[in-house]
Structures are given as C-alpha cells and as structure tokens.
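Okay, so here's the structure we're looking at.
The values are calculated or read from the model by the stated rules, or taken from the named source; none is laboratory data. Predicted model, so just to flag it, every value in this text is computed and none were measured. Because the Cβ atoms are built from the backbone with ideal geometry, glycine has one as well, and the counts that use them run over all protein chains shown. Side chains are part of the model used for accessible areas, which takes the heavy atoms of the whole protein and leaves out ligands, DNA and RNA. Shrake-Rupley method; radii C 1.70, N 1.55, O 1.52, S 1.80 Å.
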Amino acid sequence: MTTGTDALRAAIPTLREVGIPDAARDARLLLAYAMGIAPERLTLHLPEDITPEALARFHAAITARTARQPVSQITGQRLFWGRSFRVTPDVLDPRPETELLVQTALLAPFTSMLDLGTGSGCILLSCLADMPDAQGLGTDLSPAALAVAQSNAEALHITRATFAQSDWFQTIPGTYDLITSNPPYIAGDEMASLSPEVRHHEPYMALTPGGDGLDAYRAIARGAAAHLVPGGRLILEIGPNQSAAVTALLAAAHMPHAQTLTDLDGRDRVVLVTKPA
C-alpha cells in the first residue's frame, strides 16, 4: 500500500520538473482533494494508506496539473472571501486581490447591487452574504458563466441574487446603490506573457477585450451614471497601470473625483467613484 507521505514524495518532484511555481502546496491540495478531506487536515492523514480509488484520483490530478491546468479547475472549487466557490473553465479563477473590491464595497451600506461580468458570482455573492438586507443582479455575456454563478448562489443559499445575460448595460433597467465589476482588462499584446494556467485554461473573453485593454471601462463609464442613484458607488478592479486611464474615462462621463486603492502588494487594484448627489 501507498501512504499519503509516499504519494506526496513522488508527486512534488514531478510538478517541479515542469515548472509549477509552488509544487509542494499544489500537491498537498490535490492529495486532500483526492482523499476527500479538508486541506487543513491532510497532515493528520499522511501516515495512512491511501485507497486505490483515491490514489488513482491523485495521479489523474497530478497529470492534469503537469499540463498546467489550474488547481481550482481540477478540484472544482476555490476559496474566496472565506467561502468556497465552484469554478469551471467557463469562469475566471477568483483571485485573492479581488477581495479588495469586496472589502471596499462592504465599507458602506447598500440595498441594491449590480455586478457586471459576474463570472462565478464571487463578488456579488460575497457582498450579498455580508449585507443581508441587500438584493443583487449579476450579469454576464456568457450563459455558461451565468450557470456557474447560479449554482454558487444555490450552494451558498443566497436567494437574494438574480442573474441575467447582458453586454454590460445593454439590457439592464433601473438604478442601483452599488455597481461593481472585475472586467476583462488585459491588453491584447500582453496575453502572450500570461502563465499557461491563465492563457490556456481561463475564458479568453473574461481576460481581454483586445487592443489597449480599456474597452470594458469605456462601456461601463458610458452607462454607469444612468444606472446609479445619487450618491451611489461604482467600484472597479483595474490592472496595475490603468488607474490614470480609467479615472479619466470616468471623469469624462461626469463621474469625477475617483479614488484608487492599492492591494497588499502595493499595486493599484481598485477604482472607487461616487455619483454626485
């Protein structure tokens, strides 16, 4: 029989050989997934023999990881803002830096929220979970992404979220206290520099609009003021070098005085602007 320790000792060098940045961490996560236990309990079970079924799952997971498939797509789950979200190749992998957007949204109360390009629904559902009197609408151009978001809402028992297909504001009526978005913002000529996990396994249209990477911000800036109540907030995730450009687009759309917030690495990450009362 093979123990968990044996399986890890064999798998970690395999991942390192193909350049996986944190091979030990990924191997541990995949072993916990294969064994059907929480990652934080893995150490307790490492001395135990692994069942043949779990060992087969682990070998398949390591093979997928050597092909640079993201861990979250292999396991089907990703932790974000303290909750587990279902992840598929149809949605972006929720990233820790996006939690700054959620944190910013929750600094002030709101009762109605619109999340544009909702993907997995991680922003919308995290905000609604921590703001129990609020209702929210998540939109996306991708029906497959909307299905993932709906499944996450059901798994988290959040019935105050609804979802609709829309190209930014195209089919959106009404006004909201809060509008959020983590839109595609990678410039077309930057795509080749992305890691294989991102470039080959995440949805292209959720990563880049092509060109200079600003088309989504142009569309959002054009429509945001008409869909915000006076005093309502617009919160956008941005690329590290896009603050000046996005702030200028918002100012040109009569939404001046935007603030830029930095993430834990000190990089520009979120733009916040309030509609004049």
#### Entry: 222 nm mean residue ellipticity, helices alone, for the chain (DSSP H n ≥ 4; -39,500 (n - 2.57); rounded to 500)
-11000 deg cm²/dmol
#### Entry: With every protein chain in place, the stretch 63-151: carbon and sulfur % of accessible area (1.4 Å)
56 percent
### Query
Of the heavy-atom accessible surface of the stretch 156-274 (probe 1.4 angstrom), what whole percent is carbon and sulfur?
55 percent
### Query
Using the heavy atoms of the protein chains alone and a 1.4 angstrom probe, what is the accessible area of the stretch 49-163 per residue in square angstrom?
41 Å²
### Query
Just how much of Met131 is accessible, in Å², when a 1.4 Å probe is used and the result is rounded to the nearest 10?
30 Å²
### Message
Just to be sure I understand: if I project the alpha-carbon convex hull of the stretch 143-188 onto a plane and average over all orientations, what area do I get in nm²?
### Response
4.6 nm²
### Query
For the stretch 74-213, what is the convex hull volume of its Cα atoms per residue in Å³?
106 Å³
### Task
Stick to the Cα atoms of the stretch 1-144, pair each with every other, and give me the Kirkwood hydrodynamic radius in Å at one decimal.
17.0 Å
### Query
Put His254, His201, His59 in order of accessible area, largest first, 1.4 Å probe: what do you get?
His254, His59, His201
### Message
Just the number please: accessible area per residue for the stretch 201-277, 1.4 Å probe, all protein chains included, in Å².
### Response
46 Å²
### Query
Any idea what the dipole of the chain comes to, in debye rounded to 20, about its Cα centre with Lys/Arg Cβ at +1 and Asp/Glu Cβ at -1?
140 debye
### Message
Taking the Cα centre as origin and putting +1 on Lys and Arg beta-carbons and -1 on Asp and Glu beta-carbons, what dipole magnitude results for the stretch 215-267, to the nearest 20 debye?
### Response
200 debye
